[in-house]
1. What's the number of the only condition in (1) out of contact with any Phe, Trp or Tyr (no Cβ under 9 Å at 6 or more places or on another chain); (2) crowded, with 16+ Cβ neighbours inside 10 Å that Tyr145 fails to meet?
2. Would you mention how many residues in region 1-21 are in a loop (DSSP other than H, G, I, E, B) and either closer than 18 Å to Cys67 by Cβ or hydrophobic (A, V, I, L, M, F, W, C) (or both)?
3. For Glu82, indicate whether it is acidic (Asp, Glu), out of contact with any Cys (no Cβ under 8 Å at 6 or more places or on another chain), farther than 25 Å from Ser32 by Cβ and open to solvent by 80 Å² or more (accessible area, probe 1.4 Å).
4. Which of the following residues is farther than 19 Å from Trp58 by Cα, open to solvent by 20 Å² or more (accessible area, probe 1.4 Å) and touching a helix residue (DSSP H, G or I) at 6+ places or on another chain (Cβ under 7 Å): Leu121, Leu115, Leu89?
5. Which of the residues belonging to region 22-64 are assigned to a loop (DSSP other than H, G, I, E, B), under 20 Å from Ala81 (Cα atoms) and of a type in the set (A, V, I, L, M)?
6. Only one residue in Val98, Val92 is outside any helix (DSSP H, G or I) and within 15 Å of Ala120 (Cβ to Cβ). Which one?
Amino acid sequence: MDTGELREMLDAVKVAQHAPREDNAAHQKTWSNMHALAEARFLPALDFFVSCLDDDRWEWRINALRCIGFHYRFPADGAIAEKIRRMLLTDVGGFGQVRMAAASVLGGRSTWPDLALETALKTDPDEDVRRVAFAALLTIGGIPYKVVRAEVQKTKVGESQP
């Protein structure tokens, strides 16, 4: 895709953000466009995605988190990472899904020690969020993926506590 096509796609996503709830096909097209922009690492879209982290709708926040966290590089001690840490500790949307996504993103983008992940591990009311924070801490601690999965599984069946 060339820059013109990416810019048109970004414009369409911005329009969709301010439009009334779309039908399912239009909704899927919007998310598809968001992910295409992120996969292309289109830098003008990054600012838009960061602004979506403050959207009132949790669906926009979680998709923006995924776009930013899994496709763009940002400093572990910068403004974007700090915003994601605040989301991990305070977001109430999506039945914990936003906080889980935030923990997962930090697991791939943060450095040891990440105090927000530690706080979530100790205090989040949702067991799944605590489990994702645990996995994220193990990951940034340099534990191999296979071991992380095994340790998380142990917590799921009650063999251990994170």
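The values are calculated or read from the model by the stated rules, or taken from the named source; none is laboratory data. Keep in mind it's a predicted model, so treat the numbers as computed, not measured. Note that each Cβ is placed from the backbone with ideal geometry, even for glycine, and that neighbours are counted across all protein chains shown. Heavy atoms of the whole protein, side chains included, go into the accessibility calculation; ligands, DNA and RNA do not. Shrake-Rupley method; radii C 1.70, N 1.55, O 1.52, S 1.80 Å.
1. So Tyr145 meets the others, but not (2).
2. Residues in region 1-21 being in a loop (DSSP other than H, G, I, E, B) and either closer than 18 Å to Cys67 by Cβ or hydrophobic (A, V, I, L, M, F, W, C) (or both): 2 in total.
3. Numbers: acidic (Asp, Glu): yes; out of contact with any Cys (no Cβ under 8 Å at 6 or more places or on another chain): yes; farther than 25 Å from Ser32 by Cβ: yes; open to solvent by 80 Å² or more (accessible area, probe 1.4 Å): no.
Taking the combined requirement at face value, the residue does not satisfy it.
4. Numbers: Leu115 fails: touching a helix residue (DSSP H, G or I) at 6+ places or on another chain (Cβ under 7 Å); Leu89 fails: farther than 19 Å from Trp58 by Cα.
When all the criteria are applied, what remains is Leu121.
5. Scanning region 22-64 gives a single hit, Leu53.
6. Details: Val98 fails: outside any helix (DSSP H, G or I).
That would be Val92, the only listed residue that is outside any helix (DSSP H, G or I) and within 15 Å of Ala120 (Cβ to Cβ).
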